[in-house]
Every structure is written in C-alpha cells, then in structure tokens.
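The values are calculated or read from the model by the stated rules, or taken from the named source; none is laboratory data. In this text, all values refer to a predicted model and were calculated from it rather than measured experimentally. No Cβ is skipped: glycine too gets one built from the backbone with ideal geometry, and neighbour counts run over all protein chains shown. The area values use the complete protein model at the heavy-atom level, side chains included, leaving out ligands, DNA and RNA. Shrake-Rupley method; radii C 1.70, N 1.55, O 1.52, S 1.80 Å.
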Amino acid sequence: MTFHVYNTLTKEKVPFEPMEAGVARVYNCGPTVYGRPHIGNYRSFLFADLLRRWLEYLGLEVQQVMNITDVGHLTDDDVADSDGDDKVEAQARREQRDPFEITRGYTDMFLEDMKALGVREPLARPRATEYIDEMVVMVEKLIEAGHAYRVGGNVYFDVSTYPAYGRLSGNRVEDLVAGSRVEVNQEKRHPADFALWKSDEAHLMKWETVFGPDGFPGWHIECSAMAKALLGDQIDIHTGGEDNVFPHHECEIAQSACANGVPLANVWMHAKFLQVDGGKMSKSLGNVYTLPDVEGRGFEARHLRFALLRGHYRTQINFTWAIMDEIRARLENLDEVAVLLHRLLDGGAAAADAEAGRDVLAKTISGFEEGMNDDLNAPVALAALEGLRKPLLEGQVGEAVAQDALAFYRRANEVFGFIEVDKQTADGEVEALIAARNAAKEAKDWSAADAARDALTAMGIELQDTPNGVVWRRK
Ligand code: AMP
Ligand code: ZN
C-alpha cells in the first residue's frame, strides 16, 4: 500500500516518493498575521498537520516548516503583481499601533489556537521579517541570472524568462494580461511581471538594502527564501489553500527554479476553501468565525478539529452551528469506542473467545490505512474507525482483540488527534449498580434488579444485555 497524493502541478495522483529515504521535507504556507486567523485558515493548517501526522504514521521523519507572513502581503493579492496596502500596515493604522506590535500579538493568538487545536509543532516557524537578508540574496541572484530587473528601488521578475510560468494554475501569460483588472504598471517590461522587491518611503516596515533605503519584499519571494534557508533548494511537498495556487505558488515556482536551478517542490497540495453557511465567509454576514467564537458557543477545540478534518481536503465542506451539533454527537461515538474498549479490558462484557472480532479489527485497520493512503481520504478512514462501535456494543469482541484494537485506536488518533482515547472516567457508581443488578437477577429478586436498572436510567445510563454480559453507555 503506497501513499498516493494529488499533485496540483501534474493534476494527477502520484505515489509519494521522498527524495531522501525515510525523510519528508514539507513547507506549508502559514498565516498573514494581521488578525486572528479564522476557521477557514485552520482548514488549511489542519490539513498540513494531518499530512505531517500521516507521514509520521508511515514511519517518515517529517521536516516541516510553516511560515508566518508578517510583511509584504498586499490587499490585492489575487493578481500576480499584487497591489494595494500592506495588510499588516493597514491593520496597524486601523488599530493605531505599531505594525511589529500587531504581528506579535496576532502571532501569539495564532500559536495559542494551533496548540488548542492539537497541531504538532513543526521544525520551524520562520517569520518573513527575520529572513530579509536571504530574500535580498535571492533577488540579487535572479538579477544576475537575467531573470529579474531593477527599476529604481523596485525589482521585478521577468516572466518571459521562465516558459513554464502558468503550469501550476493553468493560467497563460497572454490571458493574464488581457484579463488584468489592475492598471498596468508602466515600469514593467511585461505586464505579467511581478515584484520581488518594492521601495516605498511611506511603508512603515522597511529595510535598507542594496536596492535602496526604503524597501520591503514581495510576498512570493518570502516563501521561496524561507523554504530554501530551512529545507534546502528542493523539497518534497509544498502546501497551501486553493487561493495560493495563483499567484503565490505560481510565482514561488518560477523564482525558485530560476534562482536554484532545480524545482522547488516535487508535489504541490492545496486544501479547498471552507464554506460557512453554504458560502464564502464574510464580515458583512458576520460569519468570519475564530476558534474563540466556536468555543464561545460551547464547543471544544477538538470539535472544530474534527469538523475541519472530517471531509476530504480537496472537497468542499461547510460549517454551520447545526453541523457542529452533529459533529459533537459523532465525536461522542468515536470517544465511546475507546470507553467500551477500556471497559471490556477492565473486566466488562467480552466475548468468550478472546479472538472474537479479529476479522472486524483487520477490516478496520485496512479501511483506515487504505483511506489515508488514498490522498488523505479522511472520511473513509473515519468510517472505518466508526465501524468498531457496533461490535463492541453487541459484546462481540474478545479480550485479546480488544487489546490490539485499543493499541490501534491510539495509533489512529495519533493521526486524527481529536478522539479522547485514554480519558479517565469515574464509572465506579455505574459499575456498582450493574453489579447489584446482576446479583439481584441471580437471586431472582426481580424488584431489586428493576430498582437498580431504574437508578441507572435516572443517571442517563442505557444497558444492553448481551450473551457476554452487560454493555452500558451514557445516553
Ligand atoms: P492568509 O492568512 O490569508 O495568508 O491565509 C493563510 C492560509 O489560509 C492560506 O494557505 C490560505 O489559502 C488559507 N485560507 C484562507 N481562507 C481559507 C478558507 N476559507 N478555507 C481554507 N483555507 C483558507
Ligand atoms: Zn507562502
């Protein structure tokens, strides 16, 4: 069973083959820290975490880098040569605070959310402002090699020098120009050229470099330079959300290939946008939700983690509060599998044959692994885990199988990270009432048995008599 991934660059599923045996080098585009990231952003970041965890499940060492964009991401970012205000600076002006203070504050919130959402720490979280020197070196190299040119304090990438420009997104340079909605900058040799470095006296976050006193980097060069500095010229996988395909990743591919002489990443993977209330999240609709908003409605961070990972990363998923209620119930069922396994191993209702249910477990494991190996098909993998609940409720699982099932369930949750597998539950009172009911039944004291059952029902406990004993669950 090989891990297959969908490569946006070649538009096909390919077997994942790391360049170095046993090691996967992965770069994830991170947040632009001009606000607390919203739940849509977290779909992309949790997809990156799922990918990392799956690679680890497969036994690979994952060298993962997720950047923090704290300068240079302009508001009109859907065109290659983005224009407008720097998102961070615009926010700084709105809040009347220093831009560096703004990015520090929102970075802290981002890290807090990531921790709450159970995201594993990557190897590095570089901030763009800490890699200005590396960006300048790369830009100079592009100029020397004839792929970029200076106009005063600005430097542009010359797209005509990289014929593969447009391969990732399917955009053709000619169409880009014709369809351009921004006024063409007359400085540029070709309208589709994009800025690597900009100079602007009025910019608040600016650096003195060989290009002049008041410069700042273009957003695209940031990721090319940070990936190179931390992971090398060529990496295995580069990820982002679907809006990163163009222009951000298209431009990264061009710059890096021209500066380094090798392709930046072998595989490009993109998460589809999360929808909220069936459409795009928008401030005017008041549905740009953050993790604290979700928690404010009584959900835990792990409910959101489940909600964002439950669908395949390349399919559309929707977020509504009604869906969150369903998510809570579904996650309770997954938690219950662990509770039932623990209870069985603590002397609860096990099938007489210790090997009973072996085939069910084998099917669960293969269903889970086949799902995840198929381009991280989480819904298939989840359905496999959910399939364990019924045989446990029916007392059809033997002790030896339960032992292995619990070990597997822990490993599966190393991948998903939203199930409570080993939560201690204080079940003593319930167990005592069940034991009292069993003893009463044995003594044919039916009224005492009924009284014990009524007490359990009042506690919200549902009993199921199986040939192998009583299985109980909270309603
Ligand atoms: P930004 O902070 O705008 O740089 O975005 C950070 C990451 O979140 C990028 O990889 C985006 O593609 C991704 N992203 C933004 N909105 C959504 C969304 N609604 N669903 C999924 N990913 C998103
Ligand atoms: Zn990026």
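So the values come out like this:
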quantity	calculated
Flag if ASP86 is at pLDDT below 95 and within 16 Å of ligand 2 (Cβ to nearest atom)	yes
Test result for MET1, at pLDDT below 95 and away from ligand 2 (no atom under 16 Å from the Cβ)	yes
Which numbered condition GLY212 fails, given (1) of a type outside the set (Lys, Arg); (2) over 21 Å from the mean Cα position of the chain (by Cα); (3) on the phi < 0 side of the Ramachandran plot	(3)
Condition check for THR315: in contact with a helix residue (DSSP H, G or I) (Cβ under 7 Å, 6 or more places away or on another chain), modelled with pLDDT of 95 or more and more than 26 Å from SER160 (Cβ to Cβ)	no
Verdict on ARG310 being buried (at least 17 other Cβ atoms within 10 Å of the Cβ) and modelled with pLDDT under 95	no
In the stretch 342-362, residue most open to solvent (accessible area, probe 1.4 Å) [restricted to those that are assigned to a loop (DSSP other than H, G, I, E, B) and aliphatic (A, V, I, L, M)]	ALA352
Qualifying strands (runs of 3 or more DSSP E) (wholly inside the stretch 181-274; at least 2 residues being of a type outside the set (Phe, Trp, Tyr), open to solvent by 10 Å² or more (accessible area, probe 1.4 Å) and more than 16 Å from ligand 2 (Cβ to nearest atom))	194-199, 207-209, 212-217
Residue list for the stretch 434-444, restricted to those being surrounded by 13 or more Cβ atoms within 10 Å (Cβ to Cβ) and either more than 20 Å from GLU394 (Cα to Cα) or assigned by TED's automatic domain parsing to the domain that holds GLY348 (or both)	ALA436, ALA439, ALA440, LYS441
Long-range neighbours under 8 Å by Cβ, at least six apart or interchain, first residue of a type in the set (Gly, Ala, Ser) within the stretch 231-249, second assigned to a helix (DSSP H, G or I) and more than 13 Å from ligand 2 (Cβ to nearest atom)	GLY241/GLY40; GLY241/ARG43
Whichever residue in the stretch 284-301 is among the aliphatic types (A, V, I, L, M) and over 15 Å from ASP325 (Cβ atoms) and, among such residues, is most open to solvent (accessible area, probe 1.4 Å)	LEU285
Residue in the stretch 326-344 that is over 20 Å from LYS475 (Cα atoms) and either of a type in the set (Asp, Glu) or touching a residue at least 40 places away in the same chain (Cβ under 8 Å) (or both) present	no
Count of residues meeting criterion [without any contact (Cβ under 8 Å) to a residue 24 or more places away in the chain and under 24 Å from ALA116 (Cβ atoms)] in the stretch 251-292	3
Sole residue being closer than 26 Å to LEU196 by Cβ and free of Cβ contacts under 8 Å to residues at least 60 places away in the same chain, chosen from THR129, THR75, THR107	THR75
Failed criterion for ASP277 (all others in (1) open to solvent by 10 Å² or more (accessible area, probe 1.4 Å); (2) within 11 Å of ligand 1 (Cβ to nearest atom) hold)	(2)
Hits in the stretch 152-170 - residues which are without any contact (Cβ under 8 Å) to a residue 60 or more places away in the chain and surrounded by 14 or more Cβ atoms within 10 Å (Cβ to Cβ)	ASN154, VAL155, ASP158
Filtered residues of the stretch 222-267 (kept if more than 12 Å from ligand 1 (Cβ to nearest atom), within 24 Å of ASP175 (Cβ to Cβ), in contact with a strand residue (DSSP E or B) (Cβ under 7 Å, 6 or more places away or on another chain) and of a type in the set (A, V, I, L, M, F, W, C))	CYS251, ALA254, LEU264
Per-region count, the stretch 9-66, residues charged (D, E, K, R) and open to solvent by less than 10 Å² (accessible area, probe 1.4 Å)	2
Test for VAL119: is it over 30 Å from LEU55 (Cα atoms) and crowded, with 17+ Cβ neighbours inside 10 Å	no
Enumeration of residues in the stretch 27-85 that are more than 8 Å from ligand 1 (Cβ to nearest atom) and basic (Lys, Arg)	ARG36, ARG52, ARG53
